[in-house]
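Colleague: Sharing a structure, written as structure tokens. Questions coming.
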Amino acid sequence: MDFTRLTLSDVSRNFGRRRALARVSFDCDAGEIVGLLGPNGAGKSTLLGILATLVAPSSGEVRYGEHTAREAGAELRRRIGLLAHDLHLYPELTAGENLEFFGRLYGVRDARARVAGWLERAGLGDRRDDPVSGFSRGMRQRLALERALLHDPRLVLLDEPFTGLDDGATFALVERLRGLKAKGCLVLLATHDLETVEGLVDRVAVLREGRLVEMAGGGGSLRERFRAVTR
Amino acid sequence: MTDFFRIAWLVMRKDLTIEVRSREILYTTLFFAMSCVLVFAFSFVKEGRALDDAAAGILWIAIAFSGTLALGRTFERERHAETLRALMMAPADRPAIYLGKLMGVLVLMAVVELIVVPLVGVMFQAPLLAHPFQLLALLATGTLGFAAVGTLFAAMLGRARSRDVLLPVLLYPITVPVIIAGVRGTAALFQAEVDEPMVRTWVAMLVFFDAVFVTLALWTFEPVMTE
């Protein structure tokens, strides 16, 4: 299955008595990068978890094109790539083994043969046989990004993708995101690096205490707008 | 269907690769199971003679306790970098992930049993080789029943704060029928005059438990793993 539009309608999520998300509604289209902004605990990661089909909404609905996650099942997950705050890498395995394992899990053809290319793109070409436990946070972040994108997902969900990256890697990631947008991917990224994503995001969704308080174009100073909304 | 088993195989192979590299679970569970057998041997073996049925009970206690340890540590690894969530994100039937984890746990428990069963034989003078295939059937079906429930609960509790305490609290009451069948079947097998119909009855009972537990676990894994 494939889709070019993501629609959230009144999505809420409660954890016990705590409401993490309250009636969030918006939609976005292929070829668009949407920035999810908000203070800590605003509900950004919960929203990404729901979009990734890992967390079920307490009420409301998410539609991937014409389908809900329940209707589309495993085939929908083939079209979603998630880079979470926890990097979803096995520290005991080498960089190459991690990518090969996830490549095979996602049914990527010739996963073993393609590992070298993926590692090269992550700037880790010479670290293929090194265990991930010895990597710095930035190196793990680059590897985890490759893991999230190795199956060419349509919907790319990124939670703080710039964490631990140096200037060069940050620039490379920004360029990569522009490439994904040009390819027709639908990118949602939660970040506090407002200056980095200025000029990159097409729209921003600002969350506060689980509520969507602003959904607007990505132009102008994000820092000033963020402060104005969350003050 | 082939994709289902391919995914299960991938997950099991990944778990075993990690274990071969660290040997953490194998060493700790083996040490724990052997300590268990040795301590009980000092209590239940007097003047070279073991109490009736003690060997069967000690064997299954060692299997259950070391199995619990293996289950906890296997899923603790997946929790560390939230890799269980990455597995749940894969475009595969989620029961295939369960099956892969179950097979990994079964291999670990089998390796532990490979050492512990002969140790029980030596310490309690249990006639292991008198009916090896029946003993194998009891061990295989009993271990499968225990691990099938344990894998489901350990995965479910992956994000719970008190998971180390909750796992045995939930697991033991539900697997009591498996443990009892294992103990009674093994005791019947270790008697001076083996009660073969009784052994077959307990093996059949274990096969029934396995069928129920594995089916229920495969059926419920997807809903219980969705947060």
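Just so it is clear, none of the values below were taken in a lab; they were calculated from the coordinates. No experiment lies behind these values; they were computed from the predicted model shown. Note: ideal-geometry Cβ built from the backbone for every residue, glycine included; neighbour counts use all protein chains shown.
Colleague: How many nm separate the modelled label positions at B:L129 and B:E76, each set 7 Å beyond the Cα in the direction of the Cβ?
Modeller: For the pair B:L129/B:E76, the computed spacing is 3.8 nm.
Colleague: Under the rule of -39500 (n - 2.57) per DSSP H run of 4 or more residues, summed and divided by the residues of chain B, what mean residue ellipticity at 222 nm is obtained, to the nearest 500 deg cm²/dmol?
Modeller: Working: 8 runs with 190 residues, N = 227.
The per-residue figure over chain B is -29500 deg cm²/dmol.
Colleague: For Cα pairs less than 8 Å apart in space and 6+ apart in sequence, what is the mean separation divided by the residue count of the range B:110-207, i.e. the relative contact order in percent?
Modeller: Values: 70 pairs, mean separation 30.3, N = 98.
For the range B:110-207, the relative contact order is 31 percent.
Colleague: Based on Cα coordinates alone, diagonalise the gyration tensor for the range A:90-152, multiply each eigenvalue by 5, take square roots, and list the semi-axes in whole Å, largest first.
Modeller: Values: eigenvalues 58, 25, 22 Å².
Its equivalent ellipsoid spans semi-axes of 17, 11, 11 Å.
Colleague: Another question, if that's okay. Rounded to the nearest 20 debye, what is the charge dipole size of chain A about its Cα centre when +1 sits on each Lys and Arg Cβ and -1 on each Asp and Glu Cβ?
Modeller: Value, rounded to 20: 620 debye.
Colleague: Please work out the Cα center distance from the range A:152-231 to the range B:1-54, rounded to the nearest Å.
Modeller: 48
Colleague: Please work out the FRET efficiency for the pair A:R211 and A:K183, using the Cβ-Cβ distance as r and a Förster radius of 30 Å; give the result to the nearest 0.05.
Modeller: That gives a FRET efficiency of 0.40.
Colleague: Just to be sure I understand the rule: take each whole DSSP H helix in chain B, project its Cα atoms onto its long axis, keep it if the span is 18 Å or more and its mean Kyte-Doolittle hydropathy is at least 1.0. Which ones pass?
Modeller: Within chain B the helices that satisfy the rule are B:24-44, B:94-124, B:132-156, B:163-190, B:196-225.
Colleague: What is the Cα coordinate range of the range B:2-225 on the first, second and third principal axes, sorted by size from largest, in whole angstrom?
Modeller: Sorted from largest, the Cα extents of the range B:2-225 read 57, 33, 28 Å.
Colleague: Hey, quick one: spin label on A:R121, modelled 7 Å out along Cα-Cβ, who in the range A:134-168 has an amide N within reach, i.e. under 18 Å?
Modeller: Inside the label zone: A:139-159, A:161-162.
Colleague: Only four residue types carry charge here, +1 at the Cβ of Lys and Arg and -1 at the Cβ of Asp and Glu. Report the dipole size of the range A:114-231 about the Cα centre in Debye, rounded to the nearest 20.
Modeller: Value, rounded to 20: 340 debye.
Colleague: Between the range B:88-139 and the range A:31-58, what's the alpha-carbon centroid distance in Å?
Modeller: So the separation of the two Cα centres works out to 42 Å.
Colleague: Quick one: if you stick a label point 7 Å off each Cα along the C-beta vector at B:T201 and A:S58, how many nm between them?
Modeller: 5.3
Colleague: Can you find, among B:V112, B:L87, B:L152, the residue farthest towards the positive end of the dipole of the range B:2-225? Put +1 on the C-beta of Lys and Arg, -1 on that of Asp and Glu.
Modeller: B:L87
Colleague: Work out how much length B:T2 to B:S162 would gain on full extension: take 0.36 nm times their residue separation and subtract the Cα-Cα distance, in nm to one decimal. Mind showing how you got there, number by number?
Modeller: Details: separation 160, 0.36 × 160 = 57.60 nm, distance 3.71 nm.
Extra length from B:T2 to B:S162 when fully extended: 53.9 nm.
Colleague: Between A:E75 and A:D2, what is the label-point separation in nm under the 7 Å Cα-to-beta-carbon projection?
Modeller: For A:D2 paired with A:E75, the spin-label model returns 1.3 nm.
Colleague: Given a Förster radius of 45 Å and the C-beta distance between A:E224 and A:R19 as r, what FRET efficiency does 1/(1 + (r/R0)^6) yield to the nearest 0.05?
Modeller: For A:E224 and A:R19, the calculated efficiency is 0.95.
Colleague: Ok, one more. Using r as the Cβ-Cβ distance of B:F208 and A:S9, and R0 as 60 Å, what FRET efficiency do you calculate, to the nearest 0.05?
Modeller: 0.80
Colleague: Same structure again: What do you get for GluC sites (Glu not before Pro) in the range A:51-85 restricted to DSSP loop and a cutoff of at most 11 other Cβ within 10 Å of the site's Cβ? Don't jump to the answer; show the numbers that get you there.
Modeller: Numbers: sites: A:E61, A:E66, A:E71, A:E75; in loops: A:E66.
Listed in order of number, the matching sites are A:E66.
Colleague: Could the peptides A:2-13, B:64-75, B:104-115 be put in order, highest first, of the mean number of other beta-carbon atoms found within 10 Å of their residues?
Modeller: On the way: A:2-13: 17.5, B:64-75: 22.9, B:104-115: 19.7.
Most protected by this proxy first, the peptides run B:64-75, B:104-115, A:2-13.
Colleague: Cα centroids of the range A:10-27 and the range A:61-111: how far apart, whole angstrom?
Modeller: Computed from Cα coordinates, the inter-centre distance equals 24 Å.
Colleague: Take every residue in peptide B:10-22, count the Cβ atoms of other chains within 10 Å of its Cβ, and give the average of those counts.
Modeller: That works out to 3 on average.
Colleague: Tilt of helix A:167-182 relative to the longest C-alpha principal axis of chain A, in degrees (0 to 90, nearest 10)?
Modeller: With rounding to tens, the tilt is 70 degrees.
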